[in-house]
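The values are calculated or read from the model by the stated rules, or taken from the named source; none is laboratory data. Note that the structure is predicted; figures quoted are calculated from it, not measured. Here the Cβ positions follow ideal geometry from the backbone for every residue, glycine too, while neighbour counts run over all protein chains shown. Accessible surface areas use protein heavy atoms only, side chains included; no ligands, DNA or RNA. Shrake-Rupley method; radii C 1.70, N 1.55, O 1.52, S 1.80 Å.
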Amino acid sequence: MSDGGKTNGQGSEDGTEHAPRPAATPPEALSAMDHLIATSMIAQQEMAQRLGLNVSDLTCFGYVLEAGENHPTAGDLAHRLHVTTGAVTGIVNRLERAGYVTRLPDPADRRRVRIAALPAAVARVTALYGPYYARLGEQFADYSPAEIAVLNDWFTRTNRLMTTYLDELREGAAP
């Protein structure tokens, strides 16, 4: 008997067993999200301290890592961090002094520079975050592909919602 593609711990469309999902109301889910965000903020502070960085610098370095070989410019990073290019220059200066990034000339425009992660810094960050991400990977294994798609959709849409609200706050359009 099909459950309409919903998983309830009895199996899924792909034939694998998944843990039962407890029922939750939107307020309960929002509370769980608030707890996750708070724990994440505390964890980011701890991770940053262990790496000799502050949270803003660590976040910026994360964006440099995410860009991979498509090295971002200071403007790219400013946009991602929602700060001015002047503020990003200070962040990049600190990351460079701490041995996390280097500036590379932009091959298409000699007036611009690109920001690249240094291999030793990538290794330090990977050593710290690797075990955590491995645990997250194990946790994702408890979810069906359809459930992961819902989670990804929710994270993506909520990120856009949060970014829009942050922009509105900064422009004075929100309370």
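In order along segment 141-150, phi translates into HN-Hα couplings of 5, 7, 10, 6, x, 5, 5, 4, 4, 5 Hz, rounded to whole numbers, per the Karplus curve 6.51 cos²θ - 1.76 cosθ + 1.60 with θ = phi - 60° and x for Gly and Pro.
Computed on the chain, with alpha-carbon pairs under 8 angstrom and 6+ residues apart, the relative contact order is 16 percent.
When the residues I115, I148 are ordered by accessible surface, computed with a 1.4 Å probe over the protein chains alone, the sequence from largest down reads I148, I115. Full extension of the segment from E168 to F140, taken as 0.36 nm per residue of separation minus the current Cα-Cα distance, would add 6.8 nm. Would you please classify the overall shape of segment 91-175 from the alpha carbon gyration tensor, given that a ≥ b ≥ c denote the square roots of the eigenvalues, rounded means a/c under 1.5, and beyond that prolate means a/b larger than b/c while oblate covers the rest? Note, shape of segment 91-175 comes out oblate. Computed over protein heavy atoms with a 1.4 Å probe, the accessible surface of segment 115-172 works out to 73 Å² per residue. Using a probe radius of 1.4 angstrom, the carbon and sulfur fraction of the accessible surface of the chain is 59%.
Counting Lys and Arg as +1 and Asp and Glu as -1 over every other residue whose Cβ lies under 11 Å from the Cβ of L128, the net charge comes to +1. Rolling a 1.4 Å probe over the protein heavy atoms leaves V122 with an accessible area of roughly 50 Å². Simple spin-label estimate for F155 and E28 gives 2.3 nm between the two label positions (7 Å along the Cα-to-Cβ direction from each Cα). Under the convention that each Lys and Arg Cβ holds +1 and each Asp and Glu Cβ holds -1, the size of the dipole of segment 53-114 around its Cα centre is about 220 debye. Between T126 and R103, the simple spin-label model (points 7 angstrom out along Cα→Cβ) gives 2.7 nm. Adding -39500 (n - 2.57) for every DSSP H run of four residues or longer, then dividing by how many residues the chain holds, sets the calculated 222 nm ellipticity at -21000 deg cm²/dmol. Solvent exposure of S40, expressed as accessible area, is near 60 Å², computed with a probe of 1.4 Å over the protein chains only.
Seen from H82, the other residues with C-beta closer than 11 Å to its C-beta sum to a net charge of +1, counting Lys and Arg as +1 and Asp and Glu as -1. Among residues other than D106 with Cβ under 15 Å from its Cβ, the summed charge is +2 (Lys and Arg +1, Asp and Glu -1). For semi-axes √(5λ) of the Cα gyration tensor in Å, the candidate list reads (1) 25, 18, 16; (2) 37, 20, 12; (3) 36, 21, 17; the entry that matches the value derived from this model is (3). In this structure, M41 and L118 have a Cβ-Cβ separation that, at R0 = 25 Å, corresponds to a calculated FRET efficiency of about 0.40. Within the full protein context, the accessible area of D76 is estimated at about 70 Å² for a probe radius of 1.4 Å.
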